[in-house]
Amino acid sequence: MKKLFAANWKLHKTPAETRAFFKAWKDKAGSLSADRAQVVFFPTAICLEAASQELADAGFEWGAQNCYFEDKGAFTGETSAQAVQSLGGRWILIGHSERRSIFGETDELCAKKIKKVQDLGLTPMFCIGETLQERESGKTFDVLKDQLIKGLAHADKTKPLAIAYEPVWAIGTGKVAGPEQVQEAHQFLFEQIKSMGLSTATPLLYGGSVKADNAGALGKIPHVDGFLVGGASLEVDSFLAIAKAAQ
Ligand code: PGA
């Protein structure tokens, strides 16, 4: 399977900075093997049009960091997956831990968004992960199972989906999960999606303080099909180094 490298830019970059990044990226990323690496960018909503223009026919995909589960209506401040699709976006990130902890998103809300995204023919990248407290109290697997069952309650098992495992305590902290922790979580997720009747080809990404110097080792762990990268995806060289180390 190709490895999937996803860049979550969070609330970073203006449209001009987005264009400058993609110009530099296109200059340098030619050495990535298209057979071995698939790359997806998640800029802010206001920078999606810049992504659409800069990445047209460039061989790299992009999408939004969030969407609402309705296409239109009185939902001030929301992002429409249909509008993302109309610009050529193929992906939507759903349920990132910052959406959950700062904006109060629940698995039930994620489930509605995942259905909308799949109905439009786009691919949801559903983020799950335990907090430090949950891990320390031995609840990691229960939490992951619960998030999968609730978040995928309306998912179409025949349509594309990706799952990003991001331990909350490893996001933006520099504390990457240890290889054994990543391995047992990804093994668990693989078994779980199989028992839920989802495709075993569903990409399972790891996220949380991924950098060029840990990507190579993490990428060799069974059932780690790629990475969701925050901080280290903001610079062309560091994101490219991750993809090269792990492709
Ligand atoms: P990080 O973020 O790579 O900066 O830890 C990952 C994420 O939040 O997706």
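The values are calculated or read from the model by the stated rules, or taken from the named source; none is laboratory data. These numbers come from a predicted model, not from an experiment. Because the Cβ atoms are built from the backbone with ideal geometry, glycine has one as well, and the counts that use them run over all protein chains shown.
Key figures for this structure:
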| read-out | value |
| --- | --- |
| Which numbered condition PHE75 misses (of (1) under 20 Å from GLY226 (Cα atoms); (2) surrounded by fewer than 21 Cβ atoms within 10 Å (Cβ to Cβ)) | (1) |
| Some residue of region 107-125 being among the polar types (S, T, N, Q) and under 23 Å from TYR206 (Cα atoms) | yes |
| Helices (runs of 4 or more DSSP H) contained entirely in region 111-226, each with at least 1 residues that are within 18 Å of the chain's Cα centre (by Cα) and more than 13 Å from the ligand (Cβ to nearest atom) | 140-151, 179-195, 212-219 |
| Long-range neighbours under 9 Å by Cβ, at least six apart or interchain, first residue closer than 16 Å to ASN8 by Cβ and at pLDDT 95 or above within region 115-132, second among the β-branched types (Val, Ile, Thr) and part of a loop (DSSP other than H, G, I, E, B) | GLY129/ILE171 |
| Unmet criterion (only one of (1) at positive phi; (2) more than 16 Å from the ligand (Cβ to nearest atom)) for LYS10 | (2) |
| Subset of region 25-36 [surrounded by 14 or more Cβ atoms within 10 Å (Cβ to Cβ) and in contact with an Asp or Glu (Cβ under 9 Å, 6 or more places away or on another chain)] | TRP25, LYS26 |
| Residue under evaluation VAL39, criteria (1) surrounded by fewer than 19 Cβ atoms within 10 Å (Cβ to Cβ); (2) touching a strand residue (DSSP E or B) at 6+ places or on another chain (Cβ under 6 Å); (3) not charged (D, E, K, R), criterion not met | (1) |
| Tabulated pairs, region 218-240, first under 14 Å from MET125 (Cβ atoms), second more than 10 Å from the ligand (Cβ to nearest atom) and among the charged types (D, E, K, R), C-beta under 6 angstrom, 6+ apart or interchain | GLY226/LYS3 |
| Residue tally, condition within 16 Å of the ligand (Cβ to nearest atom) and free of Cβ contacts under 8 Å to residues at least 60 places away in the same chain, over region 92-110 | 9 |
| Single match in ILE149, ILE128 (criterion: surrounded by fewer than 22 Cβ atoms within 10 Å (Cβ to Cβ), within 21 Å of HIS96 (Cα to Cα) and β-branched (Val, Ile, Thr)) | ILE149 |
| Test: residue in region 63-82 that is free of Cβ contacts under 8 Å to residues at least 60 places away in the same chain, aromatic (Phe, Trp, Tyr) and out of contact with any helix residue (DSSP H, G or I) (no Cβ under 9 Å at 6 or more places or on another chain) | yes |
| Filter result for ALA232 (modelled with pLDDT under 95 and either within 19 Å of SER97 (Cα to Cα) or within 15 Å of the ligand (Cβ to nearest atom) (or both)) | no |
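Conditions (1) closer than 21 Å to VAL84 by Cα; (2) buried (at least 21 other Cβ atoms within 10 Å of the Cβ); (3) of a type in the set (Phe, Trp, Tyr), marked per residue:
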position	(1), (2), (3)
ASP107	no, no, no
VAL117	yes, yes, no
LYS159	yes, no, no
GLY174	no, no, no
SER195	no, no, no
